[in-house]
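Here's the structure, in structure tokens; my notes come after.
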Amino acid sequence: MMKDNADERIGVDAMDIKFAAKDVQVYYADNHAIKDVSVDILDKTVTAFIGPSGCGKSTFLRSLNRMNDTIPICRVEGDIRLDGQDINAPEVDPVQLRAKVGMVFQKPNPFPKSIYDNVAYGPRIHGLARGKAELDEIVEKSLRRAAIWDEVKDRLDAAGTGLSGGQQQRLCIARAVATEPEVLLMDEPCSALDPIATAQVEELIDELRQSYSVIIVTHSMQQAARVSQKTAFFHLGNLVEYGDTTDIFTNPRDTRTESYITGRIG
Amino acid sequence: MTDTSLPQNAPRGSNSILATDARTKKRNAAEKRFRALGMGAIGIGLFFLIVLFTTIIRSGAPAFTRTVVDVQFTLTQAQYDEAEGTLFKTAAYADLFIAQLGEILAEQDVAADFDAESIERTLGKVGGTLREFYRANEDQLDQPVNFSLATSSRVDGYLKGRVTLEGIEDSRFLMASDLDLVDELQAAGVIKSEFNWPFITGADSGVDNPGGAGIGASVVGSFFMMLVVLALALPIGVAASIYLEEFAVQNRFTDLIEVNISNLAAVPSIVFGILGLAVFIQFAGLPQSAPLVGGLVLTLMTLPTIIISTRAALKAVPPSIREAALGVGASKMQTVFHHVLPLAMPGILTGTIIGLAQALGETAPLLLIGMVGFVARGYPDGFLTGFTEANSAMPAQIYTWAARADAAFYDKAWGGIIILLIFLMFMNILAVILRRRFERRW
């Protein structure tokens with residue numbers, strides 16, 4: 001039944017749906033932060049969440065890998081399914097979920113360890129490598145995927161915190177992809193970066209689309225237009241409009257979306 | 001008086017930036033006043049610190065030197081056999097010593113008048129010391145041996161200026177004529193001042209022998225207490241803080257625990273002392289005066305300090321590190337032990353060492369569990385018995401000395417304070433080094 005709904009709403013092949021959210025509510029204590037959000041996120045697609053500050057886009061993103069569990073006053077209701085499985089089911093261990101749904105944060109937050117250890121940490125705790133050689137391989141592959149390998153290959157033992165902001169963020173992306181996630185959540189990954197680093201990360205996101213479903217929260221509409229195929233516009237906790245990025249930007253159906261993308265609200 | 005209390009419609013003053021307007025002048029004056037106040041406060045603090053240190057060093061320094069009479073003494077086999085054959089053996093040795101001392105003084109052309117009693121008053125029981133030595137080292141007979149004989153504490157005090165010829169009253173401890181003898185010995189060059197090792201290594205002595213009192217045994221007592229405190233307070237404190245800070249849900253109950261921990265840090269130490277007396281000694285039946293009990297009491301006292309500083313250190317770790325770890329799928333415990341705890345380590349170590357330093361200087365609770373007074377035994381027999389055998393601790397030893405009548409013990413108390421301060425300084429330096437070593441950027 002879920003799949004039928006999805007078909008009705010956005011008209012795509014149900015097989016491609018990665019995340020299916022239905023009537024999601026998020027409360028911070030008494031504050032109703034997310035109201036009745038239903039959205040289907042596609043596999044191997046970049047989906048952008050846009051909207052003014054405080055509209056709940058980050059909150060919704062964090063409920064997709066249950067990072068909101070770490071906030072005691074936060075309560076999530078509704079139905080969120082990853083490949084048809086309820087992620088809030090009591091038998092789901094959030095630790096396992098987060099291995100499948102990786103996350104990159106707004107501010108680059110590498111561990112104060114070496115570059116190698118930053119990337120190797122995830123595979124180590126999940127037991128993904130059977131030996132040193134295999135781990136080395138995973139680290140290299142992840143760093144290559146994050147397009148930072150050439151810059152750091154000679155100093156893998158150097159501290160991850162010693163890199164520049166853009167490099168740190170790409171290191172964090174490498175760390176996130178090292179656990180072989182199926183979905184990558186990115187919470188304003190470029191807001192702390194300069195235009196050149198931003199361009200590098202955007203290019204990277206486009207490449208990551210080959211293997212993952214990428215969801216990116218962004219304040220920059222240009223960025224949403226550049227990197228995403230699907231865009232969701234949030235306003236005051238509501239999902240106002242969701243559709244193909246080109247449609248949203250050229251032919252918004254809702255007046256609020258139009259006001260936002262033309263700069264009248266926000 | 002604040003800036004905001006100025007009237008809203010105050011004149012804007014001239015528009016030139018070269019002229020300072022009234023409002024700016026007022027602000028600058030306020031800033032200058034504040035700087036002067038701050039410097040004054042620091043100055044007062046430094047002044048008292050300097051006064052404190054000069055007083056301690058001036059008063060404590062005499063405890064670190066002692067006066068000895070250096071003489072070369074030869075005992076022949078025949079004299080040894082004869083002395084061992086008499087009834088009052090040590091007296092025989094003393095007579096032999098007096099005879100040889102007389103010869104030494106005569107060689108130096110110093111006229112001296114002394115007898116066995118005056119020697120005993122100035123140098124203590126010399127005969128006993130000599131007999132003990134030769135009975136243990138018979139191979140040293142027939143050859144000259146150098147003896148450094150410690151003078152009595154009053155003679156020591158005379159040479160350090162504490163006792164004066166005019167001030168003394170003749171007693172069985174010291175007569176005015178003995179001081180003449182000391183002057184003569186000094187003229188003959190046999191009296192020397194040397195570093196007082198026995199003070200640092202020795203155990204406490206009886207009330208009438210201040211010269212022989214040492215702080216060594218109580219240093220060992222303090223050491224065993226600190227071992228107990230470290231072994232108990234660090235793991236318990238860190239575990240409690242981690243649980244409270246990272247795992248516990250925020251509710252009334254945890255709030256109550258938090259308030260109580262903060263309150264415990266402010267409980268007077270003597271309360272912990274009487275608690276220790278009631279629980280550890282009277283209820284649990286642990287031995288009195290034992291470093292084990294002292295350590296347990298000090299653990300109770302140190303726990304709040306460690307918990308508070310550990311929680312502060314954990315709080316200071318940026319939440320982004322926790323999110324990063326959780327984001328790659330680390331469990332709560334992995335997040336804490338792999339990332340948060342290593343980053344909080346410098347703060348935890350500093351807090352622990354400051355807690356230990358506090359415990360090291362604590363006296364009041366030790367009074368109540370009997371770790372004070374005369375500990376005749378001195379050093380413990382072995383490592384394990386060090387925890388259970390009666391001992392004293394540094395601050396308690398200092399307290400005991402300060403309470404004794406003989407002025408020589410007063411010097412000892414100040415000297416003990418210097419030793420205690422050296423230990424505290426060492427611990428604080430260790431805290432700084434550890435903090436530097438473990439500190440990491442993020």
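The values are calculated or read from the model by the stated rules, or taken from the named source; none is laboratory data. Here the structure is a predicted model, which is why all the values come from computation and not from measurement. Neighbour counts run over all protein chains shown; Cβ positions are idealised from the backbone, glycine included. Surface areas here come from the heavy atoms of the whole protein model, side chains and all, with no ligands, DNA or RNA. Shrake-Rupley method; radii C 1.70, N 1.55, O 1.52, S 1.80 Å.
Points to keep in mind about this one:
- Helix-only mean residue ellipticity at 222 nm for chain B, each DSSP H run of n ≥ 4 adding -39500 (n - 2.57), per residue, nearest 500: -19500 deg cm²/dmol
- Under Karplus coefficients 6.51, -1.76 and 1.60, residue-wise ³J(HN,Hα) of the stretch A:169-181 in Hz, glycine/proline x: 5, 5, 4, 5, 5, 4, 4, 5, 7, 5, 8, 6, x
- Among B:I50, B:I418, B:I398, the largest mean-square fluctuation in a Gaussian network model of chain B (Cα springs under 10 Å) belongs to B:I50.
- Heavy-atom surface of chain B, accessible at 1.4 Å and reported per residue (Å²): 54 Å²
- Judged by the ratio a/c of the largest to the smallest principal axis of the C-alpha gyration tensor, the stretch A:114-212 counts as oblate, that ratio being 1.5 or greater while a/b is no larger than b/c.
- With R₀ fixed at 35 Å, the C-beta to C-beta distance from B:I56 to A:D136 puts the FRET efficiency at about 0.05.
- Burial here means at least 50 square angstrom less accessible surface with every protein chain in place than with the chain by itself, probed at 1.4 Å; in the stretch A:115-145 the buried residues are A:Y121, A:I125.
- Most mobile of B:S218, B:S262, B:S320 in a GNM of chain B (Cα contacts under 10 Å): B:S320
- Accessible area buried at the B-A interface, both sides summed, 1.4 Å probe (Å², nearest 100): 1700 Å²
- Contact order normalised by residue count of chain B, Cα under 8 Å, 6+ apart, percent: 18 percent
- q = 0.05, 0.08, 0.09 Å⁻¹: log10 I(q)/I(0) that the Debye formula gives for the protein assembly as shown, counting C-alpha atoms only: -0.48, -0.85, -0.95
- Relative contact order of the stretch B:180-247, defined on C-alpha pairs under 8 angstrom at six or more residues apart (%): 18 percent
- Extension gain from B:I422 to B:V259, taking 0.36 nm per residue of separation minus the Cα-Cα distance: 55.2 nm
- Fraction of accessible area attributable to carbon and sulfur, the stretch B:149-215 (%, probe 1.4 Å): 53 percent
- 24 Å Cα-Cα threshold exceeded, pairs from B:K192/B:K412; A:K141/B:K315; A:K44/A:K153; A:K100/B:K315; A:K57/A:K141; A:K153/A:K230: A:K141/B:K315; A:K44/A:K153; A:K100/B:K315; A:K57/A:K141; A:K153/A:K230
- Selection of chymotrypsin sites (Phe, Trp or Tyr not before Pro), the stretch B:47-98, meeting DSSP coil and at most 15 other Cβ within 10 Å: B:F88
- Of the trypsin sites (Lys or Arg not before Pro) in the stretch B:146-219, those whose Cβ has at most 14 other Cβ within 10 Å and which sit in DSSP loop: B:R172
- Since only B:Q334, B:V220, B:P365 are under comparison, the one whose Cα sits farthest along the positive direction of the charge dipole of chain B, derived from C-beta charges on Lys, Arg, Asp and Glu, is B:Q334.
- Using the Cβ-Cβ distance between B:E31 and B:L227 with R0 set to 41 Å, the FRET efficiency works out to roughly 0.20.
- What the Cα convex hull of the stretch B:34-86 gives, in volume per residue, is 100 Å³.
- Carbon/sulfur fraction of accessible area - the stretch A:142-264, other protein chains in place, 1.4 Å, %: 45 percent
- Amide H contacts for A:E182 (H built 1.01 Å from N in the peptide plane; partners 5 or more residues away or on another chain; cut-off under 5 Å): A:V101, A:G102.
- Rounded percent of accessible protein surface that carbon and sulfur make up, the stretch B:216-438, 1.4 Å probe: 72 percent
- For the stretch B:281-328, residues shielded by at least 20 square angstrom of accessible area compared with the chain on its own, probe 1.4 Å: B:S320, B:I321, B:E323, B:A324, B:L326, B:G327, B:V328
- Relative contact order of the stretch A:14-261, taken over Cα pairs closer than 8 Å and 6 or more residues apart, is 28 percent.
- Whole-number accessible area per residue in Å² for the stretch A:100-171, which is evaluated in the context of all protein chains at 1.4 Å: 44 Å²
- Total charge dipole magnitude, the stretch B:216-438, about the Cα centre, Cβ charges on Lys, Arg, Asp, Glu only, Debye to nearest 20: 380 debye
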